[in-house]
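In what follows, a single structure is set out as structure tokens and then discussed.
Read-outs: derived from the displayed coordinates by stated rules, not from any lab. Here the structure is a predicted model, which means the values were calculated and not measured. Here the Cβ positions follow ideal geometry from the backbone for every residue, glycine too, while neighbour counts run over all protein chains shown.
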Amino acid sequence: MDATERLRWRFSDGGLTDLLDARSLHGSPDIGKRMQFHSSLVQRLALEKEIEGHVGCVNAIAWNSSGSLLISGSDDTRVNIWNYANQELLHEIDTGHSANVFCTKFVPETCDEVVVSGAGDAEVRVFNLSRLSGTRPREISMEPAAVYQCHSRRVKKLAVEGGNPNVVWSASEDGTVRQHDFRECSSCPRAGLVNQECRNVLLDLRCGGKKSLADPPRQPLSFKSCDISSVRPHQLLVGGSDAFARLYDRRMLPPLSSCQTRRKPPPCIKMFCPLHLAENRKSNLHLTHVAFSPNGNEVLLSYSGEHVYLFDVDPDNTSPVRYTADDVRDQLCLLPFHKEPRKQKSKRDKFPAKRNLCRVDMLKKLMQVVIKSLETGTNLMHGIEACCEILEALESDIDDSTRHDCLCTRAGLYLKRRWKNDVYMAIRDCNEARSIDFASFQAHLFMADALLQLGRLKEACEYAEAAHSLVPPNSVSAEQVENIKKRLAAAELEKNKKDQQGNTNTDARHGRLRSLSDLLFRSDVSGSSSQEGREDSDYDDEMELDFDTSVSGDESRDSDPGAVRGSLRLKLHRREDKTNEQTVGNGSAESTCNGDSAYEPDVAIDMKQRYVGHCNVGTDIKQASFLGEQGEFIASGSDDGRWFIWEKRTGRLVKMLAGDGAVVNCIQSHPYDCAVATSGIDNTIKLWTPDAEGTSMVDGPEIDVLSAIENNQKKLCRNRETLL
């Protein structure tokens, strides 16, 4: 155990005996919820049983409302129902789906007799277990009570509303969310047929996607996930093939329509996206899971090729977490102190009379540990977690001076660690530190380093000069500034060298492209810049090739039946530039699905916490979940066959468990017990309970936690893998 771990409280939420004493003395009504996933129990989680019964990957698991039953769906197209008490298989349903089952649910208020499934065959099927014949515990094949075939692509997620036994919602990669009311019909024609007129489209975002916050909605959007708030069931959260999660009020949506009707995408009431991803423009960046917290006040987003992020649903109207496209660049890089009017809030150096002196002393010792971590460049992950713990302390425990120093220290640790998007976390910390001390030397120095890592050399030079003016000569701080300046000079030299090579290549081609290969492999299409220490997945140029082979008009009468008509659209993007579009061949540049003349830019909500350590690039059904009724812990599966648990408040990793031979996709906590069910590529379901003899970060054989996490970070930087 390192120094950071020894300094922390044994359990962040106090002792379990304290909660039991409080219950006996005060009869607190929420003691049961607080005890369900107490820190002491989470750190003892271990594998209780591996449940067998499927013969394919288990893509979906869900508990019933009482927690007595668990339902699962698999690549074997079967839906299984398990008894929680003894983990035995009660029912095995051969659904009749012709492709992998991706989602399944118990329908509320049906005595758990009605279940629903969605699959890769684009169908939603409903089964009534009360129709099972005889007393056999299993029924291999049964006719569905309803079959909905109106989706045209894979159904990835189902949602139900507590207390509503009549309706289920399905989200599909065809860009629609559909509302299936069992009282209206029990079947519908397959999508694409002439008589396909099901008026059950609740939300149509077939042209509602966007590559950046500034863009109008005009890209095709494939839904990957959806959720309905258990507290405010009129709220619908959706996520899919772009970076933005959207929150809708179902009461404000247009009437249900047919898929034959193309409508302008309805406005959402909230949009969520980490600020540093809002202008990413990468076509492979997308969400794999969205979820409401148990109290409905927070949402959790899991990104493919990215991390897990937490958001407030209703932040203050004056909160800086609300931003527009115009704010993105400004908030990622404020002007140095000498180029911007002074904006400094009053410092709070005096403490209130009542303080937890023991905790204050612990925080001071933690601060000494993290400063040493920054100086030596060791234990960076633990140093960052310790900073998070200090910054999340009660306001009465630390003053603004300590908060400023901790923010700057954490920024320095991020810049040394260099995990995916750590540089943006460092920029956030520098900006917040400057809101306390506008002329902070450390904030300016680390901002110069961050901008250098991003390849923004001009702005980095401005910050380096500002930092130089804030320190006396012949000091250690002056040496740090000189080191930054030397790195900037080397980066500028490298940039000029590449620019000269690019100009030479351009002159050799006489400004013309001889072939498509010239365009594909030219190094100077979008210009060049030296970006020291950059991560490929964060800063690389991106190229898209779209070939439209649709036939229309006179093209259908082409004399050559083997000819392929269409348009080739080549797009070259740089992360900081607006999209450049070039049309090659006989096509035209991409057209919008609807007019943009009246488009009003969206306002998005920024993250409030980030959870790192896992890897999400291999599958597009990977979940991130709140654990327990209080939702004080966050869990996510990973491509390394493990699943991770973080403390929600601080983002600190508290547990890492080996849950699959390949990939853990699904994580669902029991409604009332401290128990978690997980599944993935293996054909089994794992049940986890606090059975371990002692508390530890790792369940099972000891491994090098940091090496495992760093391997995951490397995979995130190579996130162009084929989806499993």
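General observations
- Of LYS264/LYS608; LYS211/LYS264; LYS282/LYS622; LYS33/LYS365; LYS608/LYS686; LYS33/LYS648, those spanning more than 24 Å from alpha-carbon to alpha-carbon: LYS264/LYS608; LYS33/LYS365; LYS608/LYS686
- Taking the fewest neighbouring Cβ atoms within 10 Å as the starting point, the ordered list for TRP419, TRP646 is TRP419, TRP646.
- Each Lys or Arg adds one and each Asp or Glu takes one away; over the other residues whose Cβ falls under 9 Å from the Cβ of ALA119, this sums to 0.
- Prolate/oblate/rounded label for region 330-491 (Cα gyration tensor, a/c 1.5): prolate
- Evaluating 6.51 cos²θ - 1.76 cosθ + 1.60 at θ = phi - 60° for every residue in region 121-132, the Karplus couplings come out as 8, 6, 10, 10, 10, 10, 10, 10, 6, 5, 8, 4 Hz, glycine and proline recorded as x.
- Additional length obtainable on full extension of the chain from ASN164 to ARG199, 0.36 nm per residue less Cα span: 10.6 nm
- The simple Förster model, with R0 at 51 Å and r as the Cβ-Cβ distance, assigns SER68 and THR376 a FRET efficiency of 0.45.
- Computed from the C-beta positions of LEU89 and GLU143, the FRET efficiency with R₀ = 22 Å rounds to 0.60.
- Modelled this way, with points 7 Å down the Cα-to-C-beta line, the labels at PHE438 and VAL603 are 2.6 nm from one another.
- Modelled this way, with points 7 Å down the Cα-to-C-beta line, the labels at VAL698 and ARG153 are 4.0 nm from one another.
- Relative contact order of region 625-724, taken over Cα pairs closer than 8 Å and 6 or more residues apart, is 19 percent.
- Ranking of ASP602, ASP312 by count of other Cβ atoms within 10 Å, fewest first: ASP312, ASP602
- Over region 215-345, the reciprocal of the mean inverse Cα-Cα separation, the Kirkwood hydrodynamic radius, stands at 16.6 Å.
- Stretch gain in nm, segment ARG649-GLU479, where the contour uses 0.36 nm per residue and the Cα spacing is subtracted: 57.5 nm
- Residue-wise HN-Hα coupling along region 419-430, computed from phi with Karplus coefficients 6.51, -1.76, 1.60 (Hz; x: Gly, Pro): 6, 4, 6, 4, 4, 6, 5, 5, 4, 4, 5, 4
- In nm, spacing of pseudo-spin labels at MET252 and ALA662 (7 Å Cα→C-beta vector): 4.3 nm
- As a proxy for reagent exposure, SER258, SER172 were ordered by neighbouring Cβ count within 10 angstrom, fewest first; the result is SER258, SER172.
- The calculated FRET efficiency for the pair LYS365 and THR261, based on their C-beta separation and a Förster distance of 60 Å, comes to about 0.40.
- Simple point charges give the picture: +1 on the Cβ of Lys and Arg, -1 on the Cβ of Asp and Glu, and for region 625-724 a dipole about the Cα centre of about 480 debye.
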